[in-house]
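Engineer: Please see the structure below; I have some questions.
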Amino acid sequence: MKKRSLILISAAAVLLLTLSVGTMLTPDVEFSPDENRYLTAKPELTVKKLLDGSYEKQSEEYLSDQIIGRKKWVETKSMTEAALGVSDINGIYLCIGGRGVERVTETDFDWKNYKKNLDAAAELNRLCRDKGIEMQTMLVPTAAYVYADKMPAHALTFDEDGAFRQAAELLGDGLIDVRNSLIAAKPYENIYFMTDHHWTGRGARIGAAQFLAAAGKAESARRISAGEMEVLSRNFKGTLYSKVLLKTLETDIIETSAAARGADLRVEIEGKEYGSLYFDEYLSQKDKYAVYFGGNYAQVDIETGPWAQVGQEGEKLLIVKDSFANSMIPFLLDDFSKITMVDTRFYRGDISRLAEEYDRVLLVYSVNNFAKEKMVFTGSLLK
């Protein structure tokens, strides 16, 4: 027995020594494409950090991030937990059918901030309508809500119905509620990615159709609902996969409007002009969702060619958004001569003033992100 214990202790010591030496000799990795995040850099040793304990904490994070063979360790951990029946790994629920869903509980959802942001949206709505500008708000439900029947037993969520009731009370007929349409479509179409928190191109198309219907463009809504889709990628593994690196999650397909791929456009992003919404170089990278516009920016201006060709000026649309709107834009090109997107996470101007230049305003945000961000629609954040 003593001999066996000695062998086990010796083996553990050799393993730890090998990992420690290997980690120290291996060059640090700055960015992990599999996890889609920057890894912790080696901490600087200072007296202050030693005294306040931050050096020890940063060293633990550094060793965890830079350990040799990190990807295999993460994969092995996730596969072991999944095999043991663990359904919540690193904040991701493992659902029926190889789907991953982000965990958002009552504790995670910031109800106080959510109410503040609804009040801000209601005030922007009032200011717009006072000036004859139509405004709608679309809050996109979580995948956990839409795929509730696929969730693990006893999975913790938040009162999403209550969140939408509160939004309806404050926004009235300005709220576009897409929940029922998304749920109705899910037996026939994949509405949210299996490995990412965003909705798919087909989910975004449903959102776009409901917005067009609410904007009095019922024929356009029917047209895009029946429109042809084009596959951009068949091997997308998104943000949820990055958190677990679990191979049992189904690989995703990225689709978009086939008509939008060849559309005549002028797209301006940070002072540079492009002729397309799509940045195909991202299809060969980890973050394939960035094929839409190459990511997120403070402001993106899109002018659609057909209107200019016939010498007409159509409606102008301002979209205040998070990244869920990026995949919606391709379905709106035929109905507006100009579409401007502003992302509240980066835009520092006065959105209420900017809105005066447009005929219609649409706020598009996932309900979870809407509760996280600090929304300032009236007044400039520029110093």
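Engineer: Return yes or no: is T248 among the β-branched types (V, I, T), part of a loop (DSSP other than H, G, I, E, B) and open to solvent by 70 Å² or more (accessible area, probe 1.4 Å)? Please lay out each step first, then the result.
Structural biologist: Values: among the β-branched types (V, I, T): yes; part of a loop (DSSP other than H, G, I, E, B): yes; open to solvent by 70 Å² or more (accessible area, probe 1.4 Å): yes.
Taking the combined requirement at face value, the residue satisfies it.
Engineer: Continuing with this model, one more query. How many residues does region 111-158 hold that are within 16 Å of G100 (Cβ to Cβ) and open to solvent by less than 60 Å² (accessible area, probe 1.4 Å)?
Structural biologist: Adding up the residues that qualify gives 9.
Engineer: Condition first: part of a loop (DSSP other than H, G, I, E, B), of a type in the set (V, I, T), within 20 Å of G295 (Cα to Cα) and within 18 Å of the chain's Cα centre (by Cα). Can you find one or more residues in region 337-349 that meet it?
Structural biologist: Yes; the residues of region 337-349 include at least one that is part of a loop (DSSP other than H, G, I, E, B), of a type in the set (V, I, T), within 20 Å of G295 (Cα to Cα) and within 18 Å of the chain's Cα centre (by Cα).
Engineer: Output yes when any residue across region 183-199 is within 23 Å of V320 (Cα to Cα), open to solvent by 10 Å² or more (accessible area, probe 1.4 Å), among the basic types (K, R) and touching a residue at least 12 places away in the same chain (Cβ under 8 Å), and no when none is.
Structural biologist: no
Engineer: Can you pull out the residues in region 203-243 that are within 15 Å of I176 (Cβ to Cβ), outside any helix (DSSP H, G or I), touching a residue at least 40 places away in the same chain (Cβ under 8 Å) and open to solvent by 30 Å² or more (accessible area, probe 1.4 Å)?
Structural biologist: K217
Engineer: So how many residues does region 252-267 have that are touching a residue at least 40 places away in the same chain (Cβ under 8 Å) and open to solvent by less than 60 Å² (accessible area, probe 1.4 Å)?
Structural biologist: 8
Engineer: Looking at region 268-303, which of its residues are in contact (Cβ under 8 Å) with a residue 40 or more places away in the chain, among the β-branched types (V, I, T) and either assigned to a strand (DSSP E or B) or exposed (fewer than 15 other Cβ atoms within 10 Å of the Cβ) (or both)?
Structural biologist: V300
Engineer: Collect the residues in region 101-153 that are in contact with a His (Cβ under 9 Å, 6 or more places away or on another chain) and not aliphatic (A, V, I, L, M), keeping them in residue-number order.
Structural biologist: E102, T142
Engineer: Continuing with this model, one more query. Would you say E102 is open to solvent by less than 20 Å² (accessible area, probe 1.4 Å), among the acidic types (D, E) and touching a helix residue (DSSP H, G or I) at 6+ places or on another chain (Cβ under 7 Å)?
Structural biologist: So E102 fails the test.
The values are calculated or read from the model by the stated rules, or taken from the named source; none is laboratory data. Treat the numbers as computed from the prediction; the structure is a model and nothing was measured. Positions of Cβ are generated from backbone atoms using ideal geometry, with glycine treated the same way; all protein chains shown enter the neighbour counts. All accessible areas refer to the heavy atoms of the entire protein, side chains included, with ligands and DNA or RNA removed. Shrake-Rupley method; radii C 1.70, N 1.55, O 1.52, S 1.80 Å.
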